[in-house]
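Below is one structure, written out as structure tokens; the observations come after it.
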Amino acid sequence: MIPSVDTGPTGGPDETPNQTVPDPPMNDILDLLAGHRSVRRFKPDPIPEPHLDAAVRAGQQAATSSNIQAYAAIRITDPATRTRLVALTGGQEKVAACPLFMAICGDVRRHRLVANRAGVPHAANLEGFMLAVIDATLFAQNMVIAFESMGYGTCYVGGLRNDLPALHEVLGTPDGVWPLFGLCVGRPDQEPSVRPRLDPRTVLFDDRYPEDEAVLAAIDDYDRRISNWYRENGIRTPDWSSRIRNHFEEPHRTANSAWYRTAGASFE
Ligand SMILES: Cc1cc2nc3c(=O)[nH]c(=O)nc-3n(C[C@H](O)[C@H](O)[C@H](O)COP(=O)(O)O)c2cc1C
């Protein structure tokens, strides 16, 4: 049998490969993603239900580990609850001011119900917790992209994990439902500029992870770029390195592993 030859776009196997570097691809989705910036001030216009439904459907269409769909979103409509959540998220007023606020949760509750109904065990371990966190995050990020495609602004709210016992009281989440972060959505009432990221070649490597020196050199380059952005945007931080140092000097939310355990998670 004659072995097949992948001739590629250049034609026959004997041809000299085309050496020209292709232009970066351009399309509306890439433009949308490149224009992402968190929005923290919103117009009061409500979000029509069909828009919310479209975003939730887009979220649900994200890939999900073995189709387990281990997530839930709890929309907070009650103004008094929103006010309570402002306090619980460390005074983030946008949580009350945004037209739509959702608590995004990892959810293995429905798996447990299915197992209980059949009288079979439902095993919990670190892998199960990670699946729920990963699934819920992909669900949320697809929703974010969908909302942004409809002209909305969004902001995640990790502050939702500041006080999980109090949050649990507010949301009434049962065993197996783990609040992870909040999501504010609404028409932007500000136009924040796009925050530069690390160079793509600082996060994409070929075959092996690079030496520390190369990583640090790339960070130095980023520090120079983002310090200009901080200055232009009136943020009093010298650079990314100093932000990261401050952020991770002390551990955050140290009580949370115990709370997630009480809510049926396991980290074994
Ligand atoms: C999981 C998660 C939690 C976040 N929590 C908060 C938060 O509590 N408050 C806030 O104002 N922004 C929050 N953010 C937004 C980040 O600060 C923001 O995405 C980051 O600084 C990059 O800026 P950009 O989104 O404008 O590009 C969070 C983002 C993520 C992904």
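Kindly write out, for segment 52-65 in residue order, the coupling ³J(HN,Hα) from the Karplus curve 6.51 cos²θ - 1.76 cosθ + 1.60 (θ = phi - 60°), rounded to whole Hz, with x marking Gly and Pro.
4, 4, 4, 5, 5, 4, 4, x, 5, 7, 4, 4, 9, 3
Less than 13 Å Cβ to Cβ from Thr237, Lys/Arg counted +1 and Asp/Glu -1: what total charge do the surrounding residues give?
Result for the local shell: +2.
Would you mind computing, in nm to one decimal, how far apart the modelled labels at Arg261 and Ala63 are, each placed 7 Å from Cα along Cα→Cβ?
In this crude spin-label approximation the distance works out to 3.3 nm.
Count charges around Leu167 for me, please; just the other residues with Cβ under 10 Å from its Cβ, Lys/Arg as +1, Asp/Glu as -1.
Details: positive: Arg84, Arg161; negative: Asp163, Glu169.
Cβ neighbours under 10 Å give a net charge of 0.
With n ≥ 4 as the cut-off for DSSP H runs, can you work out [θ] at 222 nm for the chain, using -39500 (n - 2.57) per run divided by the number of residues, rounded to the nearest 500? It would help to have the intermediate numbers written out before the result.
On the way: 11 runs with 115 residues, N = 268.
My calculation for the chain gives -13000 deg cm²/dmol from helical runs alone.
What angle, in degrees between 0 and 90 and rounded to the nearest 10, separates the Cα long axis of helix 212-232 from the longest principal axis of the Cα atoms of the chain?
70
Expected output is a single nm value to one decimal: the length gained when fully extending between Val114 and Gln141, i.e. 0.36 nm times separation in residues minus the C-alpha distance. What is it?
Numbers: separation 27, 0.36 × 27 = 9.72 nm, distance 2.70 nm.
Between Val114 and Gln141, full extension yields 7.0 nm more.
Could you pull out every residue, at least 5 positions away or on a different chain, whose amide H is within less than 5 Å of the one on Gly153? Hs are placed 1.01 Å off N in the peptide plane, and Pro or chain starts have none.
Here Gly186, Arg187 satisfy the definition.
About the Cα centre, and with charges only on the beta carbon of Lys, Arg (+1) and Asp, Glu (-1), how big is the dipole of the chain? Nearest 20 debye, please. Kindly include the intermediate steps, with their values, before the conclusion.
Details: 27 positive and 34 negative charges, 289 e Å.
Magnitude of the dipole: close to 1380 debye.
Quickly work out the Asp189-to-Glu93 label distance, labels modelled 7 Å from Cα along the C-beta direction, and quote it in nm with one decimal.
With each label point 7 Å from Cα toward Cβ, the separation is 0.9 nm.
Segment 175-225: which chymotrypsin sites (Phe, Trp or Tyr not before Pro) are DSSP loop and have at most 16 other beta-carbon atoms within 10 angstrom? List each step's numbers first, then the result.
Numbers: sites: Phe181, Phe205, Tyr222; in loops: Phe205.
Here the chymotrypsin sites (Phe, Trp or Tyr not before Pro) that fit, given the DSSP loop and packing criteria, are Phe205.
By count of other Cβ within 10 Å, fewest leading, how are Lys94, Lys43 ordered? Walk me through the numbers on the way to the answer.
Numbers: Lys94 19, Lys43 14.
Least to most surrounded, the residues fall as Lys43, Lys94.
Give me Met102, Met130 sorted ascending by neighbouring Cβ count inside 10 Å, so fewest comes first. List each step's numbers first, then the result.
On the way: Met102 23, Met130 14.
The order, fewest Cβ neighbours first, is Met130, Met102.
Over the chain, what is the mean sequence separation of C-alpha contacts under 8 Å (at least six apart), divided by residue count, expressed as relative contact order in percent?
Working: 356 pairs, mean separation 64.8, N = 268.
Here the relative contact order equals 24 percent.
I need Thr154, Thr137 ordered by Cβ neighbour count within 10 Å, fewest first.
Values: Thr154 26, Thr137 17.
Lowest to highest Cβ neighbour count: Thr137, Thr154.
Taking only C-alpha pairs under 8 Å that are 6+ residues apart, what is the relative contact order of segment 35-113 in percent?
On the way: 64 pairs, mean separation 32.0, N = 79.
Computed over segment 35-113, the figure is 41 percent.
Each residue of segment 25-34 in turn: what ³J(HN,Hα) in whole Hz from Karplus with 6.51, -1.76, 1.60 and θ = phi - 60°, glycine and Pro shown as x?
Result, rounded to whole Hz: x, 10, 7, 5, 5, 4, 4, 4, 5, 5.
Tell me which trypsin sites (Lys or Arg not before Pro) from segment 164-227 have a DSSP coil assignment and no more than 14 other beta carbons within 10 Å of their own.
Details: sites: Arg197, Arg201, Arg208, Arg224, Arg225; in loops: Arg197, Arg208.
Hits after loop and neighbour filter: Arg197, Arg208.
Readers should treat all values here as calculations from the given coordinates under stated rules, not as data from a laboratory. Here the structure is a predicted model, which means the values were calculated and not measured. Here the Cβ is made from the backbone with ideal geometry for all residues, glycine too, and neighbour counts use every protein chain on show.
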